[in-house]
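Student: Provided herewith is a single structure, encoded as structure tokens, for subsequent inquiry.
The values are calculated or read from the model by the stated rules, or taken from the named source; none is laboratory data. Only a predicted model underlies this, so the values are computations on that prediction, with no experimental measurement involved. A quick note on method: Cβ atoms are made from the backbone with ideal geometry, for glycine too, and the neighbour counts reach across all protein chains shown.
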Amino acid sequence: MDTPGWAREGQSGQAAVEAALTLPLVVFLILGTLQLFLALQARLLAQYAVFQATRAGSISHGDCGRMQDAAVLALLPSFRSFLGRATAGRSAADKLARAFGEYKRNDHRFLARRDAGHDGSIVWIQRELVGRSFAPAPQDRAFDRPGHLMRLETRMIYWFPLKIPFANWVLSRMFLARLGLMEYHAANPLMLAEEDARWRRSRRETFRLPAAMARELRARVGRGQYTLPIETTFTMRMMTPAKSRHFAAMNCPW
């Protein structure tokens with residue numbers, strides 16, 4: 001028996017309503033998955049970048065500029081597409097160097113015109129020297145003898161920019177609410193119905209960001225710059241004697 005026309009129209013209308021109700025969630029799952037894969041790539045590059053930064057400091061007496069150069073150069077593929085027609089005819093290495101030069105001249109900060117409006121520091125580098133004090137002379141031959149060894153401990157925060165539309169806003173709001181930095185009680189963006197999202201910190205949650213990171217994260221999100229702070233650490237023995245001129249402050253400027 002054929003289904004009456006009015007029944008077919010009713011089934012079609014019901015399917016359309018169901019599709020409309022689930023569409024925001026489906027879109028978020030697709031875009032959110034893509035954003036999380038990019039964040040995973042950024043995490044792997046951040047682990048490589050903190051190693052490169054620590055090594056650069058180890059062989060250059062603790063020079064912050066070289067540490068920042070090494071970190072940004074290692075991280076650049078995770079936030080900037082530098083292989084394109086605009087520089088056709090150049091080698092990949094030349095294109096990478098050209099792109100890196102822009103960030104170096106900008107004091108290792110994002111370029112708002114290229115990085116979806118992001119303009120803050122790309123990395124924060126915090127350092128600690130463990131062992132002997134600063135070398136008094138340019139040639140200190142005893143700095144690496146037993147009892148004189150010195151280690152450079154580096155903690156790096158990579159402010160990974162979230163650039164996938166919709167997913168960046170939703171993930172940032174969820175992250176801020178989970179950390180207790182900014183609750184969200186407006187309409188749930190994943191549901192068409194007018195329902196309070198109720199995104200807030202769990203009472204069982206004990207993890208908190210350090211105060212400086214929390215302030216910076218709130219400030220960036222307040223400017224519409226959705227970001228994910230990725231923290232990595234590395235320790236390496238100093239290959240050259242540390243010089244006091246490179247440690248006027250233990251943290252590199254940001």
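Student: Name the residue that is nearest to the chain's Cα centre (by Cα), counting only residues in segment 28-68 that are crowded, with 17+ Cβ neighbours inside 10 Å and β-branched (V, I, T).
Tutor: V50
Student: Looking at R141, R200 in this structure, which one is at pLDDT below 80, of a type in the set (D, E, K, R) and touching a helix residue (DSSP H, G or I) at 6+ places or on another chain (Cβ under 7 Å)? Write out each step before concluding.
Tutor: Numbers: R141 fails: touching a helix residue (DSSP H, G or I) at 6+ places or on another chain (Cβ under 7 Å).
Unique residue meeting the criteria: R200.
Student: If you don't mind, another one. Considering every residue within segment 221-229, establish whether at least one is over 18 Å from Y184 (Cβ atoms) and surrounded by fewer than 14 Cβ atoms within 10 Å (Cβ to Cβ).
Tutor: no
Student: Restricting attention to segment 220-254, report how many residues are in contact (Cβ under 8 Å) with a residue 12 or more places away in the chain and not in a loop (DSSP other than H, G, I, E, B).
Tutor: 15
Student: Here's another thing I want to ask about it. Among the residues of segment 74-96, are any assigned to a loop (DSSP other than H, G, I, E, B), surrounded by 15 or more Cβ atoms within 10 Å (Cβ to Cβ) and of a type outside the set (F, W, Y)? Full working, then the answer.
Tutor: Pass one, segment 74-96, residues assigned to a loop (DSSP other than H, G, I, E, B): 79-84, 88-91.
Okay, now just the ones that are also surrounded by 15 or more Cβ atoms within 10 Å (Cβ to Cβ), so 79-80, 82.
Narrowing the set further to residues that are of a type outside the set (F, W, Y) leaves 80.
There is at least one residue in segment 74-96 that is assigned to a loop (DSSP other than H, G, I, E, B), surrounded by 15 or more Cβ atoms within 10 Å (Cβ to Cβ) and of a type outside the set (F, W, Y).
Student: Here's another thing I want to ask about it. Taking segment 238-254 as the region of interest, how many residues are among the basic types (K, R) and either surrounded by 13 or more Cβ atoms within 10 Å (Cβ to Cβ) or touching a Cys at 6+ places or on another chain (Cβ under 9 Å) (or both)? If you could, list the steps in order and put the result at the bottom.
Tutor: First, the residues of segment 238-254 that are among the basic types (K, R): 243, 245.
Filter again for either surrounded by 13 or more Cβ atoms within 10 Å (Cβ to Cβ) or touching a Cys at 6+ places or on another chain (Cβ under 9 Å) (or both), leaving 243.
The qualifying residues number 1.
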